[in-house]
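Engineer: Once you've had a glance at the structure underneath, I'll fire off some questions.
Read-outs throughout are calculated quantities, based only on the coordinates presented, and are distinct from any laboratory measurement. All of these numbers come straight from a predicted model, not from anything done at the bench. Note that we place each Cβ from the backbone using ideal geometry, even for glycine, and neighbour counts take in every protein chain shown.
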Amino acid sequence: MYNYSVYRYNDYFHDLMVNYKRYDDYVLYEVLQEICYKELLKIEADLYVPIPTSPEHQQKRQFDTISAIFSGLVPLTPLLKKKSGCGAQGEKNKHERLASSQSFYIDKEKIKKSFNGKSILLLDDIYTTGRTLYHARDQLLQFLPDSGIKSFSICR
């Protein structure tokens with residue numbers, strides 16, 4: 001799967017994401033939008049699918065970090081949901097990330113047969129091992145086998 005990324009991950013971006021995600025500094029979504037919007041708007045897709053936040057993090061933060069970043073930039077089609085109890089990828093080492101099991105499932109209320117064959121762009125903040133995006137792609141392909149799927153992350 002092809003991945004578009006805007007920046008290389010570094011200490012500054014790490015600190016930004018810690019403030020955004022761990023300390024729930026919601027307004028930083030505007031900074032993240034500013035970082036990526038020009039590059040994102042160059043990529044055409046039929047469906048823009050955000051990587052969902054876990055139910056535990058959604059409840060703790062009171063916002064979905066990925067949807068908050070991308071919702072003002074492109075029309076989102078939230079086809080995926082994240083299972084409870086999977087843990088945050090950012091808290092795992094490389095081996096644990098690569099060994100992680102499928103953490104997504106399809107929101108059957110949102111998926112339509114007419115989506116099959118469409119181009120899909122998965123949206124995420126950080127690409128580390130790619131495991132999250134590959135799990136998301138695999139889940140979507142079970143229901144939309146004729147779709148072309150690429151991904152976009154702010155940093156890699």
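Engineer: Compute, for region 3-155, the length of the dipole vector about the Cα centre, with Cβ point charges of +1 (Lys, Arg) and -1 (Asp, Glu) only. Units Debye, rounded to 20.
Structural biologist: Around 500 debye, computed over region 3-155.
Engineer: Return the sequence-ordered ³J(HN,Hα) values of region 18-29 in whole Hz as given by the Karplus equation 6.51 cos²θ - 1.76 cosθ + 1.60 applied to θ = phi - 60°, using x for Gly and Pro.
Structural biologist: 4, 5, 5, 8, 6, 9, 6, 7, 3, 4, 5, 4
Engineer: Now, a different point. Residue-wise, which Karplus ³J(HN,Hα) couplings in Hz belong to region 37-53, taking 6.51 cos²θ - 1.76 cosθ + 1.60, θ = phi - 60°, and x for glycine or proline?
Structural biologist: Rounded to whole hertz, the list is 4, 5, 6, 4, 5, 7, 9, 8, 8, 6, 10, 10, 10, x, 6, x, 7.
Engineer: Among bridges DSSP assigns within the chain, what percent are antiparallel (round to 5)?
Structural biologist: 15
Engineer: Mind checking which lysines have their C-alpha under 17 Å from LYS150, skipping anything on the same chain fewer than 8 residues away?
Structural biologist: Filter leaves LYS42, LYS118.
Engineer: Could you list, bin by bin from short to long, the percent of Cα-Cα pairs of region 1-63 in 5 Å steps?
Structural biologist: Result, from short to long distances: 4, 13, 19, 26, 20, 15, 4 percent.
Engineer: Find the relative contact order for the chain and round it to a whole percent, using C-alpha pairs within less than 8 Å whose residues are 6+ positions apart.
Structural biologist: Reported relative contact order: 32 percent.
Engineer: Toward the positive end of the charge dipole of region 110-156, about the Cα centre and with charges on Cβ (Lys, Arg +1; Asp, Glu -1), which of PRO145, TYR134, LEU122 goes farthest?
Structural biologist: The residue sitting farthest along the positive end of the dipole is PRO145.
Engineer: Using the eigenvalues of the Cα gyration tensor, what equivalent ellipsoid semi-axes result for the chain when each is taken as the square root of five times the eigenvalue, whole Å, largest first? Working shown, then result.
Structural biologist: Details: eigenvalues 102, 67, 47 Å².
Gyration-tensor ellipsoid for the chain: 23, 18, 15 Å.
Engineer: Give me the distance in nm between label points sitting 7 Å out from Cα along the Cα-to-Cβ direction at TYR37 and LYS113, one decimal.
Structural biologist: In this crude spin-label approximation the distance works out to 3.9 nm.
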